[in-house]
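**Student:** Below you'll find the structure I mean.
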Amino acid sequence: MVSHTAPLDGEFSLSDLPGGAGRLDVLCRAATEAFLVSHGIRKEVVLHLAIRDQLTISLWGPRLRHLNPDERSTGALLREALRAARGLPPGEERPSTPGITVRRLGLAPLLADLRAAGAAPVVLDEGGEPMRTVRIPDRPAFILSDHQDFTPDESALLAPFPRISVGPKVLQGHQCIALVHNELDLREAG
């Protein structure tokens, strides 16, 4: 998920995630939708939050701990990751809490890393092909934006990748994540 407004310094109140924390609530909801299932988490998922093209916070399903369904506790985990980024040299990765790391890394190098690891980027876009009618790659890396549209530079960077739509209505990012998981679950179940 690309974030355009989340803070970079980790100095914000957990009581004002939508305002004083630059819509960090959007990232919190994305994290809970990406991982949480009834009484557990999806171990096969990794969520990268590319913040202001300067930082990437990564949540690693196989190692992730302490993720709860409320925005406040998720906000606290992300705040710890932002604080762990202080003084971090470009490209270096640092752990913050179990299963969460942070790197000084923008969207372009993140996409390069994903592709080098064998992932196939797919952009979630309301103008894309309907998800139910397209082949989804074996190792998809779904790319979506926060509450704002992709910038022109981001759109140019993402232009080579296929675009899919989750449905005819424009939805919030966390809702799109839930629908993608549902579609992948249905396909896996046959």
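Every number in this text was worked out from the coordinates using simple rules, so none of it is lab data. Predicted model, so just to flag it, every value in this text is computed and none were measured. So basically every Cβ, Gly included, is an ideal-geometry build from the backbone, and we count neighbours across all protein chains shown.
**Student:** What number comes out for the charge environment of PRO162, summing +1 per Lys or Arg and -1 per Asp or Glu over other residues with Cβ under 13 Å away?
**Tutor:** Summing Lys/Arg as +1 and Asp/Glu as -1 gives 0.
**Student:** Would you work out which of VAL45, MET131, ALA159 lies farthest towards the positive end of the dipole of the chain? Charges go on Cβ: Lys and Arg +1, Asp and Glu -1.
**Tutor:** VAL45
**Student:** Dipole magnitude of the stretch 2-189 about its Cα centre, charges +1 at Lys/Arg Cβ and -1 at Asp/Glu Cβ only, in debye to the nearest 20? Each step should come with its number before you reach the end.
**Tutor:** Details: 21 positive and 24 negative charges, 92 e Å.
Its charge dipole is roughly 440 debye.
**Student:** Still on this structure: Considering only LEU49, LEU171, LEU27, give the residue with the highest GNM mean-square fluctuation for the chain, with springs between Cα atoms whenever their separation is below 10 Å.
**Tutor:** LEU171
**Student:** If each residue's Cβ is checked for other Cβ atoms within 10 Å, how do GLU183, GLU92, GLU188, GLU154 rank with the fewest at the top? Walk me through the intermediate numbers first.
**Tutor:** On the way: GLU183 15, GLU92 12, GLU188 7, GLU154 20.
The fewest-first ordering by Cβ neighbours comes to GLU188, GLU92, GLU183, GLU154.
**Student:** For ALA120, what residues show an amide H to amide H distance below 5 Å, using hydrogens built from the backbone and excluding near sequence neighbours?
**Tutor:** Residues meeting the criterion, in which the H sits 1.01 Å from N, are ARG139, ALA141.
**Student:** Are there GluC sites (Glu not before Pro) in the stretch 35-85 that DSSP marks as loop and that have at most 14 other Cβ atoms within 10 Å, and which are they? List each step's numbers first, then the result.
**Tutor:** Values: sites: GLU44, GLU71, GLU80; in loops: GLU44.
Qualifying residues, ordered by number: GLU44.
**Student:** So, one more: What does the charge add up to near SER15, with Lys and Arg as +1, Asp and Glu as -1, over the other residues with Cβ less than 15 Å from its Cβ?
**Tutor:** On the way: positive: ARG23, ARG72, ARG79; negative: GLU11, ASP16, ASP25, ASP70, GLU71.
With Lys, Arg at +1 and Asp, Glu at -1, the net is -2.
**Student:** Another question about this same structure. Trypsin sites (Lys or Arg not before Pro), restricted to the stretch 1-67: which are DSSP loop and have at most 14 other Cβ atoms within 10 Å? Don't skip to the end; give the middle numbers.
**Tutor:** On the way: sites: ARG23, ARG29, ARG42, LYS43, ARG52, ARG63, ARG65; in loops: ARG23, ARG42, LYS43, ARG52, ARG63, ARG65.
The qualifying sites are LYS43, ARG63, ARG65.
**Student:** While we're on this one: Only bridges whose two residues both fall in the chain count here: according to DSSP, what percent of them are antiparallel, nearest 5? Spell out each step's value before the answer.
**Tutor:** Numbers: 16 of 28 bridges.
Close to 55 percent.
**Student:** Ok, one more. Would you kindly calculate the translational diffusion coefficient of the chain, applying Stokes-Einstein with the Kirkwood radius from alpha carbon pairs, for 20 °C and a viscosity of 1.002 mPa s, and quote it in µm² s⁻¹ without decimals? Please report the intermediate quantities before stating the final value.
**Tutor:** On the way: Rh = 16.8 Å.
Answer, rounded: 128 µm²/s.
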